[in-house]
Structure formats: C-alpha cells, structure tokens
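Read the structure below first, then the notes.
The values are calculated or read from the model by the stated rules, or taken from the named source; none is laboratory data. A quick note: this is a predicted structure, and the numbers were derived from the prediction, not measured. Glycine gets a Cβ as well: all are built from the backbone with ideal geometry, and neighbour counts include every protein chain shown. These area figures cover heavy atoms from the full protein model, side chains too; ligands, DNA and RNA do not enter into them. Shrake-Rupley method; radii C 1.70, N 1.55, O 1.52, S 1.80 Å.
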Amino acid sequence: MKVKVFVFLVLVMGLNEEVMSQSAADIAALKQMQDGCIKELNIGTAEAALIATDKPVANPTESYKCYHNCLYKKMGMINADGKANNDAILKIITTRYAKAPVDKVKALLSSCGAASSTNACDYAYKFEMCMINGLKA
C-alpha cells in the first residue's frame, strides 16, 4: 500500500488516546489522501473543517458520508465490492491499537460489516460509526 494504512486514526475515528506514534511521512500521506477526497467531492470549506474534527456529526450530509467512502478506498479499507476489507482492517487495528482485543475487533467487523445501507457512502459512514462506538465501549 502507498502508506502504512491507519484505519481509525485520530483524524478518522477519534480514538486518540489509543493511537501509537506515527511518522511525519505517515501523517503527510494521510493528509494528502484526505485533501484528495475533499477536492474530488467538491466539499466546501465549512464542511471540510467539520471533517477534520474528531467529533460526531449529528446530521451528516451525503458529502460527509462520501468522504469516508473515498478515504477508505484510498486506504485500501474497502474491497472492490464496496464492503469492508476485514483482513486489512483487522491487521491495521491490532497493529495500531494495543488496547483493541482481537476477538472484539473481529466481532465488530462482522456486525458492523453487515449493516444495511442505501449506497456505498452510507455503508462506509455506518460502518465507521459502528466501529467507533464498538471500540469505545
């Protein structure tokens, strides 16, 4: 992969207390992917600023949801069929987050990956929210 994939990074999932250190190059690569998705989706400044926070969004727009789908694709976290790449995600989470028990992550991947959705953007957003809530529980 282009970069050490950091599923659920501080910037992606808001689990900053559990993230181990990352290099400046890794941060720059992630930022480049994020900026690429913002540009590809023509996301305005206000919404881009919202995306950069790690706070939950009460009523996410379709652009906000599609941003996650775009970023997940760039990071290799979504397969060609539009579903979560569980093997990659499991490897990334267990490598990056020492406090994430493998059994819990596997259970979350199964339950969160089965979420129903109306489109790829909705799926990526629901998947992320499910994983966030599950990992924080």
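Rounded, prolate or oblate: which fits segment 21-122 when a ≥ b ≥ c are the square roots of the eigenvalues of the alpha-carbon gyration tensor, with rounded for a/c under 1.5 and prolate only if a/b beats b/c?
oblate
Extending each Cα 7 Å along its Cβ direction at Ala137 and Ile27, get the distance between those two points in nm, one decimal.
So the label points at Ala137 and Ile27 sit 3.3 nm apart.
Work out the length of the dipole vector of segment 72-131 about its Cα centre, built from +1 on the beta-carbon of each Lys and Arg and -1 on the beta-carbon of each Asp and Glu, and round it to the nearest 20 debye.
Charge dipole, segment 72-131, about its Cα centre: 220 debye, nearest 20.
What does the accessible area of Ile92 come to, in Å² to the nearest 10, when a probe of 1.4 Å is used?
It works out to around 20 Å².
Would you mind working out the accessible area per residue for segment 37-137, using a 1.4 Å probe, and quoting it in Å²?
I get 52 Å² per residue for segment 37-137.
Quick one: net charge of Ser111's neighbours, Cβ under 12 Å, K/R +1, D/E -1?
Net charge in that neighbourhood comes out at +3.
For Leu41, what is the net charge nearby, where nearby means another residue's Cβ is under 15 Å from its Cβ and Lys, Arg count +1, Asp, Glu -1?
Residues near Leu41 contribute -1 overall.
Considering only the other residues whose Cβ falls under 11 Å of the Cβ of Lys65, what net charge follows from Lys and Arg at +1 and Asp and Glu at -1?
-2
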